[in-house]
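Here the structure comes first, spelled out in structure tokens, and everything after it is commentary.
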Amino acid sequence: MKRRLVVIPTFNEAGNIKSLIDQLFTAIPGVEVMVVDDGSPDGTALICKGLQENNKHLHLIERHTKAGIGSAYRMAFVWALEQGFDEIIEMDADGSHQVSDLLRMIDAKTMNPDVGLIIGSRWIRGGKTVNWPRSRELLSRLANRYVRIALGMGINDSTAGFRIYSAQTLRKIDLGHVRSEGYSFQIEMTRAAHKSGAVIMEVPITFKERENGVSKMSKNIVREAMFLVTVWGLKRLLRIK
């Protein structure tokens with residue numbers, strides 16, 4: 001059986017984290033979960049510590065400041081590779097990613113063992129969003145279209161944060177040189193996986209807008225992503241590594 005680790009970065013997700021962890025352990029035999037908490041003042045980490053008392057497959061990294069989703073994933077990826085996991089899964093804590101979709105993504109990875117990265121995609125046939133304002137959907141579609149044109153990867157949802165990486169793919173990526181956060185972290189990791197020669201597959205998902213808590217998305221995160229994509233696109237045109 002493959003050793004799978006689900007990595008969940010958190011900041012103020014006390015209203016969501018227990019339900020998600022319970023669902024994961026119920027639905028996926030043998031799975032392990034890593035929560036990386038950025039000093040949530042709402043007690044997210046305390047909830048995880050309580051759950052750890054009865055589950056040795058739940059791991060927790062506590063950070064004292066809000067250091068960002070990119071650094072949280074990089075830290076967890078390094079730990080997962082050191083521990084010998086075969087597949088590392090990215091998943092949000094806010095209820096936007098469904099465990100039922102994750103099961104289909106795992107099935108797709110199992111049926112296609114040569115695939116190095118599975119992306120849970122909103123913007124391919126069968127994918128959709130629920131309770132998103134039209135303006136945010138349009139922004140995401142346009143941003144991903146720009147990424148697809150600028151970087152030439154043929155991926156419809158490069159900003160998606162619902163993913164399965166094979167350990168082999170992550171080992172080929174120099175994680176120390178992946179510096180960006182937010183939207184741009186997901187794009188940079190997609191770009192790095194593509195450059196490493198990994199086969200990338202998109203699986204349709206239903207993305208649901210969070211019901212509890214506050215979205216972490218901001219205009220600055222979007223601007224950073226589009227700036228970096230422009231830089232990477234120019235490097236591609238000029239054949240600069």
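The values are calculated or read from the model by the stated rules, or taken from the named source; none is laboratory data. Note that the structure is a prediction, hence the values are computed from the model and not measured. So basically every Cβ, Gly included, is an ideal-geometry build from the backbone, and we count neighbours across all protein chains shown. Accessible surface is based on the protein model in full, side chains and every heavy atom, while ligands, DNA and RNA are left aside. Shrake-Rupley method; radii C 1.70, N 1.55, O 1.52, S 1.80 Å.
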Scope region 74-97; condition surrounded by 19 or more Cβ atoms within 10 Å (Cβ to Cβ), more than 12 Å from the chain's Cα centre (by Cα) and assigned to a loop (DSSP other than H, G, I, E, B); matching residues: PHE85, ASP94
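Does TYR183 satisfy the condition of being out of contact with any strand residue (DSSP E or B) (no Cβ under 6 Å at 6 or more places or on another chain) and under 26 Å from ASP38 (Cα atoms)?
Against the criterion (out of contact with any strand residue (DSSP E or B) (no Cβ under 6 Å at 6 or more places or on another chain) and under 26 Å from ASP38 (Cα atoms)), TYR183 qualifies.
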The one condition in (1) under 20 Å from ARG104 (Cα atoms); (2) open to solvent by 20 Å² or more (accessible area, probe 1.4 Å); (3) of a type in the set (Gly, Ala, Ser) that ALA192 fails to fulfil: (1)
Unmet criterion (only one of (1) at pLDDT 95 or above; (2) closer than 20 Å to ILE221 by Cα) for GLU137: (1)
Any strands (runs of 3 or more DSSP E) falling wholly within region 1-73 and containing at least 2 residues that are among the acidic types (Asp, Glu): 32-37
